[in-house]
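Report on one structure; see the data block that follows.
The values are calculated or read from the model by the stated rules, or taken from the named source; none is laboratory data. Because the structure is a prediction, the values reported are computed rather than measured. Counting neighbours? That spans all protein chains shown, and the Cβs are built from the backbone with ideal geometry, glycine included. Calculation scope for accessible area: heavy atoms of the full protein, side chains included, ligands and nucleic acids excluded. Shrake-Rupley method; radii C 1.70, N 1.55, O 1.52, S 1.80 Å.
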Amino acid sequence: MDLSRRDFLASSTAAAAGGALAGPAHAQAPIHVAQAAGGPSPRGFDPADAALKYELVVANGDVLDPSQKLRGKRDIGIRYGQIAAIAPSIPADRGVQRIDVTGKLVTPGLVDLHTHFCPHLGLGLPPDELVGITGTTTAVSAGDAGWHTWGVFRHLALASSRTRLFSFVHISSIGLAGGLAPGEMLNIDYANVDGCAKVVAENPDAVLGVKVRITDAVVGQNGLEPLRRALRAAEMAGKGVPVMCHIGAAPGNLADLLDLLRPGDILTHAYSGAGNNTVQGGKLLPAARAAKQRGVVIDVGHGGGSFDFTVCEPAMQQGMPPDTISSDIHSVSINTPGYPTLPWVMSKFLALGLSLEEVVARATVEPGKVIGRVPGLGTLQVGAPADLAIMDVVDGAVEFVDTRKNTRTGKRKLVPYLTIRGGRPFGRPPLPTPFVY
């Protein structure tokens, strides 16, 4: 990712509102609506209108938006499915409905860059059904569908989901339709470059790029050829189309794989301990550090077998911290002791020493930039989608386990309380009639 896309300027809203924290909020305090330069634009309303009514006000939360360097007690006003105001206090008569979240952490809706939210296909799960434990409002299907199975994602998963969905198209034409059956890349003929590029190019609204899994049991004797074909398909589909590359027991020299990845490509399962790891003998591979330095996105992709504390800790210490924290949640991984819901994976990184602000950024604004389709995604900027994750920050000793049965003890965890997508809460009133979104 280039710096211009990664940098969101802090708005004057955050600075002005930050000064108000020193004193008590006043009912008539000004409602700041300034936007970050180049950020989202409100549609259908004027946020500076003093008579503007908010359809929903989320009140008294501990608001944390890393994109604006904003942290403090705020009210959030929502209009037409967008963030319309963030203020120390919004008068009661300006909100049609109100939810009080005193004592709760309020962040942008969580953005999960690696999921398997494509039900009826392989390992896929229904995203809306899981919102109560994931807090996820935007998710990316990481290669569930390939060229021949793309219609399942487009017409079943995407069309029926309140959760905002995007996809990486698998270089294998069958995608992950076989679940945990023999690997989808044992037969190299499935890696149809033209077919994959066609789907990516024809669906820019929903497709981010190309997915490939490079594991010895998946690719067999084909080695790195599936990755090479994935890269060709991405290049054919258009400028800047990324490849998401899964590793874990990759064949051959891992450095050869890492050296193929381009700036903007995504290395997922970066802290896998499944074999041929990015950390070997306690040392981060120079090729892994070089990939990070040239702009390869380092993604967690916890899953059921792809996250090892003994790999992650030295990798972070030696120059390869994560750019994005993702869950790799699917029908097998969710039933494992590692329990990869996104808030739980975020909590593990709190235990590994990242601050709350850093953890939230890597599960909101940073993956939002990688997606790059929705202005303000992963932020609470005025005009951004009114997607909120409301969580409890629970203090106290908590034990975490990785996918190799290593344990670590943390001091706090994030527990989802309520999730709002496009201004509409999941699972509780206020709900509109008719229910549209």
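Tabulated data
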{"read-out": "Given charges at Cβ of Lys, Arg, Asp, Glu: the range 97-155 dipole, positive-most of GLY146, LEU105, CYS118", "value": "LEU105"}
{"read-out": "Cα centroid separation - the range 397-437 against the range 88-127, whole Å", "value": "8 Å"}
{"read-out": "Karplus-derived 3J(HN,Hα), 6.51/-1.76/1.60, for each residue of the range 273-280, Hz, glycine and proline x", "value": "x, 6, x, 6, 7, 5, 10, 10"}
{"read-out": "Solvent-free Debye scattering, log10 I(q)/I(0), computed from the Cα coordinates of the range 173-316 at q = 0.12 Å⁻¹", "value": "-0.46"}
{"read-out": "Percent accessible area from carbon and sulfur atoms, the range 125-225, protein chains only, probe 1.4 Å", "value": "56 percent"}
{"read-out": "Convex hull per residue volume in Å³, alpha carbons only, for the range 36-90", "value": "87 Å³"}
{"read-out": "In Hz, Karplus ³J(HN,Hα) per residue of the range 81-93 (6.51, -1.76, 1.60; θ = phi - 60°; x = Gly, Pro)", "value": "x, 10, 5, 10, 6, 10, 8, x, 7, 10, x, 4, 6"}
{"read-out": "Rough spin-label spacing in nm, given labels placed 7 Å along Cα→Cβ, for GLU399 and ALA51", "value": "6.2 nm"}
{"read-out": "Ratio Rg/Rh, restricted to the range 353-406 and using Cα atoms, in which Rh is the Kirkwood radius", "value": "1.09"}
{"read-out": "Loop trypsin sites (Lys or Arg not before Pro), the range 186-251 (other Cβ atoms within 10 Å of the site Cβ: 13 or fewer; DSSP)", "value": "LYS239"}
{"read-out": "For the chain: accessible area per residue (Å², 1.4 Å)", "value": "37 Å²"}
{"read-out": "Euclidean distance between Cα centres, the range 160-228 to the range 361-382, Å", "value": "25 Å"}
{"read-out": "Average projected area [Cα convex hull, the chain], square nanometres", "value": "19.7 nm²"}
{"read-out": "For ASN187, distant residues with modelled amide H under 5 Å away", "value": "none"}
{"read-out": "Extension gain, TYR417 back to THR433 (0.36 nm per residue minus Cα-Cα distance, nm)", "value": "3.4 nm"}
{"read-out": "Ordering of 285-294, 96-105 by packing [mean C-beta count within 10 Å, highest first]", "value": "285-294, 96-105"}
{"read-out": "Between helix 193-202 and the chain: long-axis angle, C-alpha atoms, 0 to 90°, nearest 10", "value": "10 degrees"}
{"read-out": "Per residue, the convex hull volume that the Cα atoms of the range 128-218 enclose (Å³)", "value": "101 Å³"}
{"read-out": "Overall Cα dimensions of the range 284-425 - principal axes, largest extent first, Å", "value": "42, 37, 29"}
{"read-out": "Distance (nanometres) between label positions extended 7 Å along Cα→Cβ at ASP259 and ARG373", "value": "3.5 nm"}
{"read-out": "Where the Cα pairs of the range 341-431 fall when distances are cut into 10 Å bins, in %", "value": "15, 40, 32, 13, 1"}
{"read-out": "Packing rank of 71-83, 39-51, 334-346, where each peptide gets the mean count of other beta carbons within 10 Å, highest leading", "value": "71-83, 334-346, 39-51"}
{"read-out": "The chain, helix-only ellipticity at 222 nm - DSSP H runs n ≥ 4, -39,500 (n - 2.57), divided by all residues, nearest 500", "value": "-5500 deg cm²/dmol"}
{"read-out": "Expected-Rg normalisation [2.2 N^0.38 Å, Cα atoms] applied to the range 239-315", "value": "1.00"}
{"read-out": "Rounded to the nearest 20 debye, dipole of the chain from Cβ charges on Lys, Arg, Asp, Glu", "value": "460 debye"}
{"read-out": "Cα-based helix-to-principal-axis angle, 225-237 vs the chain, degrees rounded to 10", "value": "50 degrees"}
{"read-out": "Karplus-derived 3J(HN,Hα), 6.51/-1.76/1.60, for each residue of the range 324-337, Hz, glycine and proline x", "value": "9, 9, 10, 9, 6, 7, 7, 5, 9, 4, 5, 9, 9, x"}
{"read-out": "Listed peptides 219-225, 200-206 by packing density, highest first (mean Cβ within 10 Å)", "value": "219-225, 200-206"}
{"read-out": "For the range 95-167, convex hull volume per residue from C-alpha positions, Å³", "value": "105 Å³"}
{"read-out": "Built amide H within the under 5 Å cut-off of HIS114, gap 5+", "value": "VAL140, SER327, ASP328"}
